[in-house]
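S.K.: Dropping the structure in here first, questions after.
Read the figures in this text as sums done on the coordinates, not as results from a lab. Here the structure is a predicted model, which means the values were calculated and not measured. Every residue, glycine among them, receives a Cβ derived from its backbone with ideal geometry; neighbour counts consider all protein chains shown.
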Amino acid sequence: MRRRKCFAHPLFKLKVMVELRSKLLNIKSLIFRHQYALGISQWLTKRLAQDTPYFNGTGTSNRKPSLFSSWIEYWKGLTGTYSNELVCAACGCRIVTGMNENEIKAYNATHPEKTVRQACGGHVEAVKGSGEYMIAAICAECNQEGKPLTIKAGSLLVREVAPKFVGKSNR
Ligand SMILES: [Zn+2]
């Protein structure tokens, strides 16, 4: 039998990839909730009713999420937000996941009117030094140690649960 040629359009393939990644994030969030969240907490996510001051954490770079590959993936999985295009919860700029620095640079060079920044799952705390962290979807500019931020009304935050500690804290 003659092998059939694959006619899948690149955009179709991209769509399938995005859908597969969404499903994977969804499954991970179910496992995570089952493993960690139910036993220790009644709530995991919080939607801000009003603009709220927070501080970006200091010395959090050694904290890694359990199960998820990054904190932004953790935020996406546990909020059920699967789009690669998001908005920074602090400054409101356009942020993206699934693109590396070079791809972002190339995109911004050809789209100067609607530039994007790397999305980060930033550690934010309401009381400076409390270590009670929430994860917010913010841009790389806002994700700077100790920076005071105003997280916008309507933003979803996820409690940091079961972090793993890798390497040394820079605190
Ligand atoms: Zn920002």
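S.K.: Testing the spin-label approximation: label points 7 Å from Cα along Cα→Cβ at Trp43 and Lys168. State their distance in nm.
M.R.: 3.8
S.K.: What FRET efficiency comes out for Asp51 versus Ala140 if R0 is 22 angstrom and r is the Cβ-Cβ distance? Round to the nearest 0.05.
M.R.: The calculated FRET efficiency here is 0.55.
S.K.: Could you pull the Cα extents of the chain along its three principal axes, largest to smallest, in whole Å?
M.R.: Sorted from largest, the Cα extents of the chain read 65, 43, 35 Å.
S.K.: Let me ask another. Let me test this: with uniform point scatterers at the alpha carbons of the stretch 43-93, what is the Debye-based log₁₀ I(q)/I(0) at q = 0.32 1/Å?
M.R.: -1.25
S.K.: Going by average Cβ neighbours within 10 Å, how do the peptides 63-72, 93-102, 110-119 rank, with the highest at the top?
M.R.: Order by mean packing, descending: 63-72, 93-102, 110-119.
S.K.: At 222 nm, what value in deg cm²/dmol follows for the chain if DSSP H runs of at least 4 each add -39500 (n - 2.57) and the sum is divided by all its residues, to the nearest 500?
M.R.: Mean residue ellipticity, 222 nm, calculated: -8000 deg cm²/dmol.
S.K.: Can you sort Tyr54, Tyr107 so the residue with the fewest Cβ neighbours within 10 Å comes first?
M.R.: Tyr107, Tyr54
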